[in-house]
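Quick notes on the structure that follows.
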Amino acid sequence: MNLESLGWDASYAEAFRPHEQDGLAPARVAAEHRSEYVVYSALGELRADAAGRLRFDGEHAAVGDWVAVAPRPDELRATIQAVLPRRTAFVRKAPWLETKAQVIAANVDVVFIVCGLDANFNVRRIERYITLAWESGAEPVVLLTKADLCEDVDARRWEVEAVAIGVPVYPVSAPTGEGLDAVASHLGDGRTAALLGSSGVGKSTLVNVLAGEELLATQEVRADDGRGRHTTTHRQLVVVPQGGVMLDTPGMRELQLWDADEGLSTAFADIDELTTDCRFSDCAHEREPGCAVRAALADGTLERDRFDSWRKLERELEGLRIRQDARLLSEARKERRRFARAMRNTAY
């Protein structure tokens with residue numbers, strides 16, 4: 001397997017140099033299952049587990065990561081000994097009540113934000129994905145799938161372009177081939193593209209069409225509400241003929257922000273620019289005189305729905321910071337108690 005076609009280059013080789021001296025081999029995480037990984041290496045596809053030290057240190061490899069492995073080629077297995085530094089990472093807050101980060105895709109060059117032009121269409125959700133895509137360090141691109149099922153594609157595209165500042169937006173149809181050339185233009189040898197979106201929007205179908213064969217299972221969406229059935233059950237890298245790889249992901253029911261201040265400023269650059277014209281630097285955009293944001297809302301330059309979306313994401317980030325501070329305080333208290341118990345035991 002050609003590592004360069006998977007994205008390996010001189011900078012990764014430099015980061016790997018200390019591990020090479022230990023007799024380890026480079027590999028890329030292609031899939032993650034509950035108890036093990038699949039990695040691509042110069043020896044081919046290997047099953048891999050993580051070294052105990054990584055589990056103890058809380059260093060968790062994600063799909064797309066470059067890792068240093070101790071291969072066991074006779075068993076077609078390997079042990080992941082280290083994770084190389086990431087260039088980019090699409091990160092969300094872990095689902096439910098946990099206050100910790102979850103890496104969805106690592107070392108990605110372009111994030112395809114996939115939204116169906118059916119019951120799945122949701123501009124506010126697209127804004128949320130764009131925010132995290134900018135924060136990841138990768139290039140965001142919006143794909144509006146099922147264009148053949150939409151009566152007014154241009155109107156939907158304009159609606160998305162109005163909020164996707166600086167982001168390419170392509171209507172796409174797998175059956176007719178519309179937009180596929182535009183998608184392929186973002187691929188290439190050594191490049192990695194991740195497809196992110198809800199279930200049923202056609203992510204796996206796109207991978208199959210671009211790969212030229214049925215590599216991934218697909219299902220029809222439910223007729224009553226247009227929702228998908230989560231055919232894809234785990235994140236995985238797929239090598240495509242155009243060169244490079246595509247990272248297919250399961251549909252996400254929940255996408256909460258994680259440390260996305262820069263991504264929010266970039267995704268909402270229009271509002272961010274308005275805030276610099278407010279009379280007060282700490283303007284809350286409520287009743288303060290000289291508020292440029294409220295003036296834009298009043299004259300229609302800024303749509304109320306977009307402002308409300310920005311407000312919601314801003315408050316979500318503030319709530320996350322508060323929970324993170326509370327967690328750090330709790331962990332510090334636990335550490336002090338452990339230290340006090342250790343000192344008492346030593347005294348006796």
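Derivation of every value follows stated rules applied to the coordinates shown; laboratory data play no part. Predicted model, so just to flag it, every value in this text is computed and none were measured. Cβ placement follows ideal geometry from the backbone for every residue including glycine, while neighbour counts extend to all protein chains displayed.
Calculate the length of the line joining the C-alpha centroid of segment 25-100 to that of segment 287-309, in whole Å.
With segment 25-100 and segment 287-309 each reduced to a Cα centre, they are spaced 46 Å.
Please compute, over every Cα-Cα pair in the chain, the percentage with a separation greater than 39 angstrom.
Working: 14371 of 60378 pairs.
In whole percent, the share of Cα-Cα pairs in the chain beyond 39 Å is 24.
What relative contact order, as a whole-number percentage, does the chain give when Cα pairs under 8 Å and 6 or more residues apart are counted?
Working: 653 pairs, mean separation 50.6, N = 348.
Over the chain, the number comes to 15 percent.
Around residue 302, which amide H atoms from residues at least 5 apart in sequence, or from another chain, sit under 5 Å from its own amide H, with H modelled in the peptide plane?
Hits under the 5 Å cutoff: 297.
When the helix-only estimate is applied to the chain (DSSP H runs of n ≥ 4, each -39,500 (n - 2.57), divided by the residue count), what is the mean residue ellipticity at 222 nm, nearest 500 deg cm²/dmol?
On the way: 10 runs with 120 residues, N = 348.
Dividing the helical sum by the residues of the chain leaves -10500 deg cm²/dmol.
Return, in residue-number order, each cysteine of the chain whose C-beta is not under 4.7 Å from any other cysteine's C-beta.
Among the cysteines of the chain, those whose Cβ sits 4.7 Å or more from every other are 115, 150, 291.
Would you work out if segment 111-171 is rounded, prolate or oblate? Take a ≥ b ≥ c from the square roots of the eigenvalues of the alpha-carbon gyration tensor; rounded if a/c is under 1.5, else prolate when a/b is larger than b/c, oblate otherwise. Mind dumping the intermediate values first?
Working: a/c = 2.03, a/b = 1.89, b/c = 1.08.
Prolate, since a/c reaches 1.5 and a/b exceeds b/c.
Which value, in debye to the nearest 20, describes the size of the charge dipole of the chain about its Cα centre when Lys and Arg Cβ atoms bear +1, Asp and Glu Cβ atoms bear -1, and nothing else is charged? Could the numbers behind the result be given before it?
Values: 44 positive and 56 negative charges, 429 e Å.
Using only the charged Cβ atoms, the result is roughly 2060 debye.
First select every other residue whose beta carbon is under 14 angstrom from the beta carbon of residue 11; then total the charges, Lys and Arg +1, Asp and Glu -1.
Numbers: positive: 17, 86, 87; negative: 4, 9, 14, 109.
Counting the neighbours of residue 11, the net charge comes to -1.
Indicate the gyration tensor shape class of segment 89-248 (rounded, prolate or oblate), computed on the Cα atoms with a ≥ b ≥ c the square roots of the eigenvalues: a/c under 1.5 is rounded; otherwise a/b larger than b/c is prolate and the rest oblate. Present the calculation step by step, with values, prior to reporting the outcome.
Details: a/c = 1.21, a/b = 1.08, b/c = 1.12.
Taking the square roots of the gyration eigenvalues as a ≥ b ≥ c, segment 89-248 is rounded.
Give, in whole angstrom and from largest to smallest, the semi-axes √(5λ) of the equivalent ellipsoid of segment 38-141, with λ running over the eigenvalues of the Cα gyration tensor.
Values: eigenvalues 196, 54, 31 Å².
Ellipsoid semi-axes (Å, largest first): 31, 16, 12.
According to a simple spin-label model (label point 7 Å from Cα along Cα-to-Cβ), what is the distance in nm between residue 272 and residue 22?
Here the modelled spin labels are 3.8 nm apart.
Report, by chain and number, residues whose modeled amide H sits under 5 Å from the one on residue 236, excluding near sequence neighbours (fewer than 5 apart, same chain).
It is 248, by chain and number.
Using the Karplus equation 6.51 cos²θ - 1.76 cosθ + 1.60 (θ = phi - 60°), what ³J(HN,Hα) coupling, rounded to whole Hz, does each residue of segment 101-114 give in order, writing x for Gly and Pro?
Once θ is set to phi - 60°, the couplings for segment 101-114 become 7, 10, 7, 8, 8, 10, 6, 9, 8, 9, 9, 8, 8, 9 Hz.
List the residues whose amide H sits under 5 Å from the amide H of residue 291, counting only those 5 or more places along or on another chain, with H placed 1.01 Å from N in the peptide plane.
Placed amide hydrogens put 279 under 5 Å from residue 291.
Treating only the Cβ atoms of Lys and Arg (+1) and Asp and Glu (-1) as charged, compute the dipole magnitude of segment 89-248 about its Cα centre; round to the nearest 20 debye. Before the final figure, lay out each step's value.
Working: 15 positive and 21 negative charges, 147 e Å.
In total the dipole reaches around 700 debye.
Any idea which of 15, 209, 114 is furthest toward the positive side of the dipole for the chain, if Lys and Arg beta-carbons carry +1 and Asp and Glu beta-carbons -1?
Going by the charge dipole, the pick is 15.
Can you bin segment 4-83 into rounded, prolate or oblate? Criterion: square roots of the alpha carbon gyration tensor eigenvalues sorted a ≥ b ≥ c, rounded for a/c under 1.5, prolate for a/b above b/c, oblate for the rest.
Numbers: a/c = 1.35, a/b = 1.19, b/c = 1.14.
It is rounded, given that a/c, with a ≥ b ≥ c, falls under 1.5.
Mind checking which of 186, 239, 80 is farthest towards the positive end of the chain's charge dipole, using Cβ charges of +1 (Lys, Arg) and -1 (Asp, Glu) about the Cα centre?
Of the options given, the answer is 80.
Taking the Cα-to-Cβ direction at residue 13 and at residue 152 and moving 7 Å from each Cα, how far apart do the two end points lie in nm?
Result for the modelled spin labels: 5.5 nm.
Please list 3J(HN,Hα) in residue order for segment 142-158, calculated via the Karplus relation 6.51 cos²θ - 1.76 cosθ + 1.60 where θ = phi - 60°; whole Hz, with x for glycine and proline.
Whole-Hz 3J(HN,Hα) from phi for segment 142-158: 9, 10, 9, 7, 6, 4, 6, 9, 9, 6, 9, 5, 4, 5, 5, 4, 4.
How about residue 146: which lysines have a C-alpha closer than 24 Å to its C-alpha, ignoring those fewer than 8 places off in the same chain?
The qualifying lysines are 203.
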